[in-house]
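Enquirer: So that we are looking at the same thing, I have put the structure below in structure tokens.
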């Protein structure tokens with residue numbers, strides 16, 4: 001609802017006493033609610049409809065165009081390439097879809113996204129026309145209802161990330177080695193997806209995009225498929241049922257750009273324990289306790305090819321690693337109780353016993369017995385644990401990054417599942433763009 005006003009609470013509810021909450025509400029918030037419901041709308045509060053697909057919204061110099069787009073909040077704050085009709089039409093040559101064909105409906109705006117407005121944002125971000133098939137597949141993935149895009153507006157600052165697999169990654173120069181998210185096509189494709197989220201999904205910072213500390217641009221990765229095949233593993237999309245010569249885009253989410261672990265062991269079993277420790281440290285005992293039946297509780301593990309090779313040489317498949325990490329990645333009930341009582345995102349003082357009574361947690365999730373010797377010590381140790389996620393499949397693994405380094409990194413989300421979509425290419429793809437790739 002474009003004309004919906006809001007009334008702010010002037011403090012922080014989770015940190016305030018009951019007396020403070022009552023005082024703030026009675027002296028300020030209640031009056032704001034009454035005013036918002038009764039005061040007539042001003043002209044500036046009525047939102048003008050979005051421009052039509054081919055409408056020219058402004059003419060001017062590069063500086064003037066950037067100023068106009070920035071003042072209308074159509075940018076991410078960085079300079080843009082003006083999305084002229086000619087530039088947009090060049091992008092449309094790289095998709096078999098009609099310019100006005102529906103690709104997805106993105107939440108929470110419920111905007112019907114088409115190749116035309118995807119191309120507009122791709123141009124603005126600095127993409128090349130041949131990036132268009134990847135942008136469309138990415139929009140299809142993030143538009144899937146099960147992906148749960150609208151929840152990424154949470155105050156936790158949840159972000160999207162994308163992984164490109166298959167021949168198109170090499171064709172477009174999407175990097176998979178050292179510094180990958182900061183090099184090549186990765187940067188502009190990630191920026192385009194951020195603009196699409198901003199302009200089309202309606203995730204505008206400070207309105208419905210409420211990250212307390214803000215957001216980084218969505219990172220884009222590609223797997224090092226050549227080294228994967230050398231070590232006897234398959235690329236992620238092949239493990240998910242796609243053909244090896246098919247290109248895909250996978251999207252998930254994360255609340256952080258994580259610490260990069262330095263594994264220093266050739267023992268794959270111990271290495272799995274180390275990854276499990278990093279996974280648990282990246283997440284939340286409180287979230288895991290409340291979401292033991294949620295398919296959207298996901299820890300994504302990125303590992304360099306050298307780490308993956310250590311597992312492969314030890315006889316582990318990608319699925320074996322997931323199983324081993326899942327078996328070892330657990331929270332003690334003491335950790336659950338401490339965070340849930342003093343640091344719950346819902347602001348309620350609960351313990352695992354409360355979750356058991358409410359049915360959010362069940363006895364089948366709890367494993368009795370002595371904690372592993374490597375398990376981190378907690379203030380009030382209880383010899384019972386819960387898994388960080390319900391199933392091993394919720395620990396997806398991607399292999400990329402500097403092949404000479406021993407690094408892993410864990411992303412965490414409690415709102416998203418991994419969605420993977422095939423990239424649809426135009427009929428004359430092989431004849432297009434070879435001089436530009």
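No lab work stands behind these numbers, since they all come straight from the coordinates. Everything numeric in this text was worked out from a predicted model, so none of it was measured. Neighbour counts are summed over all protein chains in view; Cβ atoms, including those assigned to glycine, are modelled from backbone coordinates with ideal geometry.
Enquirer: Residue separation times 0.36 nm, minus the C-alpha to C-alpha distance between residue 17 and residue 428: what's the value?
Expert: Here the segment from residue 17 to residue 428 would lengthen by 141.4 nm.
Enquirer: If I build a Gaussian network model for the chain, linking alpha-carbon pairs within less than 10 angstrom, which residue out of 210, 414, 193 has the largest mean-square fluctuation?
Expert: Among 210, 414, 193, the largest GNM mean-square fluctuation belongs to 210.
Enquirer: When the chain is fully extended, how far beyond the present Cα-Cα distance does residue 405 get from residue 210, taking 0.36 nm per residue of separation?
Expert: Contour length minus Cα-Cα distance gives 66.6 nm.
Enquirer: Kindly state, as a whole number, the per residue volume in cubic angstrom of the convex hull around the alpha carbon atoms of the stretch 69-137.
Expert: It comes to 92 Å³ per residue, whole-number rounded.
Enquirer: Another question, if that's okay. Relative contact order for the stretch 256-413: what is it in percent, counting Cα pairs under 8 Å that are at least 6 residues apart?
Expert: Details: 267 pairs, mean separation 72.1, N = 158.
It rounds to 46 percent for the stretch 256-413.
Enquirer: At what distance in angstrom do the alpha carbon centres of the stretch 249-317 and the stretch 320-341 lie from each other?
Expert: Each part's Cα centre sits 12 Å from the other's.
Enquirer: What is the antiparallel percent of DSSP beta bridges lying wholly in the chain, to the nearest 5?
Expert: 80
Enquirer: I want to verify a result. In a Gaussian network model of the chain, Cα cutoff 10 Å, which of these has the top mean-square fluctuation: 55, 89, 313?
Expert: The residue that fluctuates most here is 55.
Enquirer: Follow-up. Relative contact order, percent, of the stretch 77-213 when contacts are C-alpha pairs under 8 Å separated by at least 6 residues?
Expert: 28
Enquirer: Run the helix sum for the chain: -39,500 (n - 2.57) per DSSP H stretch of 4+ residues, divided by residue count, reported at 222 nm to the nearest 500 deg cm²/dmol.
Expert: Mean residue ellipticity at 222 nm (helix-derived): -9500 deg cm²/dmol.
Enquirer: Give or take rounding to whole Å, what are the principal axis extents of the alpha carbon atoms in the stretch 256-413, in descending order?
Expert: Extents along the principal axes: 48, 30, 25 Å.
Enquirer: Within the stretch 235-262, list the residues whose amide N lies under 19 Å from a label point set 7 Å along Cα→Cβ of residue 144.
Expert: What the label zone holds, given the 19 Å backbone N cut-off, is 235-255.
Enquirer: Where does each of 352, 6, 287, 68 land when they are ranked from fewest to most other beta-carbon atoms within 10 angstrom?
Expert: Ranking 352, 6, 287, 68 by Cβ neighbours within 10 Å, fewest first, gives 6, 68, 287, 352.
Enquirer: Another question, then. Give the relative contact order (percent, whole number) for the chain; include only Cα pairs under 8 Å separated by 6+ residues.
Expert: Once normalised by length, the contact order is 19 percent.
Enquirer: When the chain is treated as a GNM, springs tying every alpha-carbon pair under 10 Å, which of 385, 304, 254 comes out with the largest mean-square fluctuation?
Expert: Judging by the Gaussian network model, the answer is 385.
Enquirer: Semi-axes of the equivalent ellipsoid of the chain: what are they in whole Å, largest first, if each equals the square root of 5 times a C-alpha gyration tensor eigenvalue?
Expert: 38, 34, 16
Enquirer: For residue 73, put the label point 7 Å out on the Cα→Cβ axis and report which residues of the stretch 151-165 keep their amide N under 16 Å from it.
Expert: Flagged as within label range: 153-154.
Enquirer: By counting other Cβ atoms within 10 Å of each Cβ, how are 368, 28 ranked from fewest to most? Walk me through the numbers on the way to the answer.
Expert: Working: 368 9, 28 15.
Going from sparsest to densest Cβ surroundings: 368, 28.
Enquirer: Counting other C-beta atoms within 10 Å, which of 365, 203 has the fewest, and how do the rest follow?
Expert: 365, 203
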